[in-house]
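Here, each number is a calculation from the coordinates, and none is a lab measurement. Here the structure is a predicted model, which is why all the values come from computation and not from measurement. Cβ atoms come from the backbone with ideal geometry, glycine included; neighbour counts cover every protein chain shown.
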Amino acid sequence: MKKVIITSVAIALLLLTGCSDKPTPNISDTSDSSQAKESFAVNTETISGDNTAVIDENANINADSNEMNMASLENKMQSVYFAFDKFTINTEMQSKIAAGAKIANSAASEFMIKLEGNCDEWGSDEYNFALGLKRADAVKKALIAEGVDASRITMVSYGESNPTCSDKTQDCWSENRRVDFKLLP
């Protein structure tokens, strides 16, 4: 009986641990890092006549500069804040929307605009998601009234799940009742 138990345990251990089919990676192998360096090489092209090399923009550099441009423009587009349990836009926030629409129609005209509706922690999750969507929709309508093409605007509601402040104060809660502008390629 003892032999059967010991044999069963040994077989179970062999089956559970098994042998790996994957080869063990060689840590000293630098082929991956040299391939990574090669992917960042800059393409050059010779112009006929004077043998001067012209540097073509690398796709990675273009993507990085495009993301930096989007981030810079997003920082210029200020969040729109709302009163407690409201989705109406007051006159002070209307000027922020007008400034955002001006950026959207000029420097950011090649990007899509995502409006992110947010709420404070008061109310149920379902209520806050609905309120966040109503706030985003109010900003969308105001942007359209300012001349932004409706097909460029998408909306999402984060409800109370995306706070910028987590203190338990009135000032903090008012910071979380907002719509943020995000740019998409």
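Here are the numbers:
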quantity	calculated
Stretchable slack from residue 88 to residue 145, in nm (0.36 nm times residue separation minus alpha-carbon distance)	19.0 nm
Protection-proxy order for peptides 76-83, 106-113, each taking the mean of Cβ atoms within 10 Å per residue, highest first	76-83, 106-113
Descending semi-axes in Å of the stretch 77-184, equivalent ellipsoid built from Cα gyration tensor	24, 13, 12
Gained length - residue 125 relative to residue 167, 0.36 nm times residue gap less alpha-carbon distance	13.2 nm
For residue 79, net neighbour charge (Lys/Arg +1, Asp/Glu -1) across residues whose Cβ lies under 12 Å away	+2
